[in-house]
Amino acid sequence: MSTQPQQYFDLNVTLPTSGRKHQAQICQARLHQLGYHGIAFCHTAFGRLKPERDDADKALPWGQLLPSDVDIKSESNFGRVNSLGMKVYRRLNIVIEEVSDVSHLLFPSTVDAQQASRELFQKYDIVSLQPMNEPVLQSLCELLSQSNEANSNSNLTNHVQIINLEYATGSRGGHGIPYRLRKDYVIKVLDAGVTFELKYSTAMLDSKRRQGFLRTLVDFQSAFNGIQKKHMLLNKHIHSHQYNQTKCKSEQFPLLLSSGSRQNFTKGTDEGIMALRSPHDVAFIVNHLIGNGVGAGDNNTTSASNGNGGKRKKTGRSVSTAEKVLAKAREQKLGMITTCSDQGATSHIKSSNTMRASVVDSTGHDRDGGSEDEDDPCDSLKDWLSKSIDKRQKVQDDKPDRKEDDKSDRKTKIDIRLLIARKKDG
């Protein structure tokens, strides 16, 4: 069974304030040469959003990102395809420094504010959050876990796909993320289907920020390795229908690696496309530093030894972290997210109907009238239960009254005894 080749995406590409259209075309051409299949241009917002500044059509208009010969209106609602065959996405990255901004962004107080924020998020293909201190990160993790447990539509956490680990700026001066990355935070974020992201371009250019990149990488590895049953947590949000009905599994190290800002903070210069690296180069660097399969590992098939000592091939699809992010973002934008409770109810209905169809009595007939069920199938568990009750009530109505039968039997017995007694006396 052949599987599709691994695809690579750079989901964090920034653009300068001037010459954006020319720089966008150069970045797309360079990433296409390096072997990428998709690119996401990122707009960074600080604190609370403002529609006149942070609207996707104003911050990242498609006319600046794609050449003029591409028909934008005829494309899909999720991303666009450029002339090179690459998928182009628009991403919103929100830098949060105050805890009050978390609730304002993800849990608006009024219905109008909630609708305005949702419309603003829907215009972007990907939404990420960048916490700048530990109280903000803790508040984000709590909201993500509550949304995952309650499946509530009142907050906007379902629109978030990425948590950005920013090490180049902040209170530590580029020597690492400005908070402690605890194991509980990682569990809550991954359990909600959200992914952590780490940017490599700054570490490639700035020697002083390289230490912060390595320290953040080691901190995440330490927190992730302390989680029990990691494979269940990683594969929780993978659905086979998203990947052409193949048996899928997640990568072993769920960290999204992107280029990000290409600025050299020490020199104060922007290196442009010279800071971009191929996916295999990025994976080699990270594997050399921490020894994990990250990023560009092409694990489309895995092999394992069987009981006879040989090898049996296990066909499967290794889903990269970027593909998981895009799958979640696509489902959210196109309105195809189904909660775990809905899936459980559906499976329960199917299993109930299957069990009901297999239950027959000793004579070989369905206990609840199988022939009628085949002509008039029930659509849900509620319909089936109510229908069964009606049938049982109908059967009870058709039966004669047992009390009247008992009275008639007793009367008959009394009459027989009287006749026998009279015969003996006579």
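Observations on the structure shown:
- For region 130-135, backbone phi angles converted through the Karplus equation (6.51, -1.76, 1.60; θ = phi - 60°) give residue-by-residue couplings of 10, x, 10, 7, 5, x Hz, Gly and Pro being listed as x.
- Taking θ as phi - 60° and the Karplus parameters 6.51, -1.76 and 1.60, the scalar couplings of region 51-65 work out to x, 5, 10, 9, 5, 5, 6, 9, 7, 9, x, 4, x, 8, 8 Hz in sequence order, x denoting glycine and proline.
- For the set R91, R48, solvent exposure ranked by accessible area (probe 1.4 Å, protein chains only) runs largest to smallest as R48, R91.
- J(HN,Hα) series, region 79-90, from Karplus relation 6.51 cos²θ - 1.76 cosθ + 1.60, nearest Hz, glycine and proline x: x, 9, 10, 8, 5, 8, x, 8, 8, 10, 10, 10
- The order of D54, D184 by accessible area, most exposed first and with a 1.4 Å probe, is D184, D54.
- For I94, the residues whose amide H sits under 5 Å from its own are A45, S128, L129, Q130, ignoring neighbours fewer than 5 places away on the same chain, with H placed 1.01 Å from N.
The values are calculated or read from the model by the stated rules, or taken from the named source; none is laboratory data. Since the model is a prediction, treat every value here as computed from it, not as a measurement. Just the protein is used for accessible areas: all its heavy atoms, side chains included, with ligands, DNA and RNA removed. Shrake-Rupley method; radii C 1.70, N 1.55, O 1.52, S 1.80 Å.
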